[in-house]
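Working notes for the structure below.
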Amino acid sequence: MNLKSLLIGGLLPTILLGLGTVLMKLSMREGSSVANYLAQVGAVVLAVGLLATWAGDGWVSTPRAWMFAALMGLGWATAIGAMAYAVSALNVPVSIISPLTNSNALVALAASAIVFSEWSDLNGPRVLAGTVLIVMGAVIVATAKG
């Protein structure tokens, strides 16, 4: 993987998604309901998608591609809604919810290994070590607030 791939596919999303959780809490503090928050974020996602479609390759999709995108959107919206509810109604600090939810890499790793048969490309001991470190890191960071 080259530097451009790491920056665009790794560092930029990491920074933006990390800031997104903070912006979520700010929105909740300013009085947004979870439903309105999801609608507002969804409207921006739609606008960016339409702009990218217009500026890029145009509408290129298949029914199955649309289905998988819709399922991803449903899962993402449910997850973000649950996080927004936890932050606003349950008063879960961002410093606790963010490290826990960012353990999603383990779910993605397991699902991609199954769905795309990536098991053969994985180094088992490294996956195990990384899994232990991710879980330990999430627990340590999530319990750091005293």
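The values are calculated or read from the model by the stated rules, or taken from the named source; none is laboratory data. Note that the structure is predicted; figures quoted are calculated from it, not measured. Counting neighbours? That spans all protein chains shown, and the Cβs are built from the backbone with ideal geometry, glycine included. Only protein heavy atoms, including side chains, enter the accessible area calculation; ligands, DNA and RNA are left aside. Shrake-Rupley method; radii C 1.70, N 1.55, O 1.52, S 1.80 Å.
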Notebook entry, point to check: Which of (1) at pLDDT below 95; (2) assigned to a helix (DSSP H, G or I) is the odd one out, the single condition residue 1 does not satisfy?
Noted result: (2)
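Test residue 3 against the criterion of being surrounded by 11 or more Cβ atoms within 10 Å (Cβ to Cβ) and of a type outside the set (Val, Ile, Thr), and give yes or no. I'd like the intermediate steps shown before the answer.
Working: surrounded by 11 or more Cβ atoms within 10 Å (Cβ to Cβ): no; of a type outside the set (Val, Ile, Thr): yes.
Considered against the rule, which asks whether it is surrounded by 11 or more Cβ atoms within 10 Å (Cβ to Cβ) and of a type outside the set (Val, Ile, Thr), residue 3 comes out as no.
Looking at the structure I just gave you, is residue 60 modelled with pLDDT under 90 and not in a helix (DSSP H, G or I)?
Values: modelled with pLDDT under 90: yes; not in a helix (DSSP H, G or I): yes.
So residue 60 passes the test.
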Item checked: Selection within the stretch 76-126 - in a helix (DSSP H, G or I), open to solvent by less than 40 Å² (accessible area, probe 1.4 Å) and closer than 25 Å to residue 29 by Cα -> 77, 80, 81, 83, 84, 86, 87, 94, 97, 98, 99
Check: Which is open to solvent by 60 Å² or more (accessible area, probe 1.4 Å), within 23 Å of residue 140 (Cβ to Cβ) and either of a type in the set (Val, Ile, Thr) or in a helix (DSSP H, G or I) (or both), of 26, 46, 19?
Finding: 19
Note to self: Given the criteria open to solvent by less than 80 Å² (accessible area, probe 1.4 Å), out of contact with any Lys or Arg (no Cβ under 6 Å at 6 or more places or on another chain) and assigned to a helix (DSSP H, G or I), does residue 144 qualify?
What the structure shows: no
